[in-house]
Structure formats: C-alpha cells, structure tokens
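Q: Quick one: the structure is below, questions incoming.
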Amino acid sequence: PTAPADETGPSLVGADIVRPYLSGGTTAAVVAGQIDSGLDIAHADFNHVWGVGWQFGGTGGAWNDPCEHGSHVAGTILGNGGNSPWLRGNAPGLGWGGAGRFFNIKTSDACSGWSFDFGAATNTMHSSYWDGVSTTPRPHVVNNSWGSSGLNFKGTEADARIIDDQVYTWAQLYVFAA
C-alpha cells in the first residue's frame with residue numbers, strides 16, 4: 001500500500017473521508033466538551049465555535065490558554081483548518097450554535113501540575129446550560145489530555161471511580177489522552 005499524501009492522524013484513520021458527512025454539526029445532535037488548560041478562542045481555527053466555559057483554576061478565564069495545550073487538544077476536535085486545511089479537527093462542526101455549545105473547563109495556566117476540584121469539574125459536565133434563550137444539553141463526549149509521568153494507575157483510584165460513575169450515571173463518554 002502507498003501512504004496517503006496527507007500523513008496526519010485524521011487521514012491515517014480515515015477521518016478525513018467521513019468528516020464532510022459527519023463533521024459534528026451535520027445533524028446538530030452532538031455536544032462535546034473538554035477539561036484542560038483552557039482554550040484560546042481568538043485562534044483562527046476556533047472562529048466558528050459557540051461555547052460556554054468555566055474557570056476552575058488559573059487566570060484570565062476559560063477562553064484564555066497561556067500554555068496552548070488545551071487549545072491544541074481542542075483543535076484535534078474543533079479545528080476548522082483556518083491556518084492549515086490538513087490540520088482540520090476530526091469534528092469541526094461541533095460547537096455549532098446556541099443549543100450545541102462546546103463546554104470548556106479551564107483547570108490551570110500551566111501545562112502540568114494541575115490542582116482543581118475534579119468532582120466539581122465532572123459535575124459541571126453533566127449539567128445542561130441555559131443562557132435565557134437557548135439550552136445546550138450536557139456533553140455527550142468530554143475530552144481530557146492531562147498526561148502523567150511515572151504514575152502507575154490501576155483504574156481503582158478515587159478519580160477513576162468518579163469517571164466511572166459519570167459514565168454510568170450520565171451516559172457520557174470521557175476520552176483521556178496522555
């Protein structure tokens with residue numbers, strides 16, 4: 001087999017083929033969110049995103065991301081390819097309007113060493129948001145990329161049990177990438 005001309009992650013898993021048909025906004029039925037270091041809403045790849053945010057740590061609000069890690073993570077989902085078309089996210093149609101906002105929780109200004117109320121953050125993700133005009137239901141998918149160094153997680157720790165409870169009780173998918 002010959003490697004595709006575009007060797008980025010989305011093309012290697014076939015996401016570039018389905019993206020025009022299942023962009024996240026095609027059916028206006030999916031809501032997503034993330035818990036990370038914030039999101040730089042001024043970035044060209046996010047100029048289409050409707051969102052709601054909470055600041056659980058750090059400074060400057062949920063839509064400020066000094067270390068740019070949360071913005072990078074959000075770009076793998078929401079990026080519209082404004083800077084580079086081949087770096088478009090896997091579901092750039094998410095965050096499509098008032099009833100489909102992207103939920104964003106900022107945990108820190110740093111890319112590591114976070115300290116925030118994990119339970120409160122996940123509880124925020126299982127509540128809908130109403131602005132007086134439109135209601136956005138709770139996210140179906142919550143993305144997280146916190147990383148760990150030298151830790152040996154077994155899946156029975158308190159935080160893992162909190163996530164298990166959220167997934168079971170609220171029928172949400174939590175995605176973790178290191």
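The values are calculated or read from the model by the stated rules, or taken from the named source; none is laboratory data. Just so it is clear, the model here is predicted, and its values are computed rather than measured. Note that each Cβ is placed from the backbone with ideal geometry, even for glycine, and that neighbours are counted across all protein chains shown. Heavy atoms of the whole protein, side chains included, go into the accessibility calculation; ligands, DNA and RNA do not. Shrake-Rupley method; radii C 1.70, N 1.55, O 1.52, S 1.80 Å.
Q: Classify segment 27-124 as rounded, prolate or oblate, taking a ≥ b ≥ c as the square roots of the eigenvalues of its Cα gyration tensor: rounded when a/c is under 1.5, otherwise prolate if a/b is larger than b/c and oblate if not. Let's see the in-between values first.
A: Details: a/c = 2.13, a/b = 1.36, b/c = 1.57.
Here segment 27-124 falls in the oblate category.
Q: Could you pull the accessible area for Lys154 with a 1.4 Å probe, rounded to 10 Å²?
A: 140
Q: While we're looking at this one, here's another question. Based on the Cβ-Cβ distance from Glu157 to Val133, what FRET efficiency comes out when R0 is 45 Å, to the nearest 0.05?
A: Details: r = 40 Å, r/R0 = 0.90.
Efficiency for this residue pair is about 0.65.
Q: Given a 1.4 Å probe, how much area per residue of segment 61-144 is accessible, in Å²? Show your work: numbers first, answer last.
A: Details: 3430 Å² over 84 residues.
With the other protein chains kept in place, segment 61-144 gives 41 Å² per residue.
Q: Given Cβ point charges of +1 (Lys, Arg) and -1 (Asp, Glu) and nothing else, what value in debye, to the nearest 20, does the dipole of segment 55-156 about its Cα centre take? Walk me through the numbers on the way to the answer.
A: Values: 5 positive and 5 negative charges, 56 e Å.
Using only the charged Cβ atoms, the result is roughly 260 debye.
Q: Students sometimes get this wrong: rank Thr169, Thr107 by accessible area, probe 1.4 Å, all chains present, largest first. Can you show the working numbers first?
A: On the way: Thr169 75, Thr107 5 Å².
Solvent-accessible surface, decreasing: Thr169, Thr107.
Q: Same structure again: Please list Ile162, Ile35, Ile77 in order of solvent-accessible area, largest first, computed with a 1.4 Å probe with all protein chains present. Walk me through the intermediate numbers first.
A: Numbers: Ile162 55, Ile35 0, Ile77 30 Å².
Of Ile162, Ile35, Ile77, the descending order of accessible area is Ile162, Ile77, Ile35.
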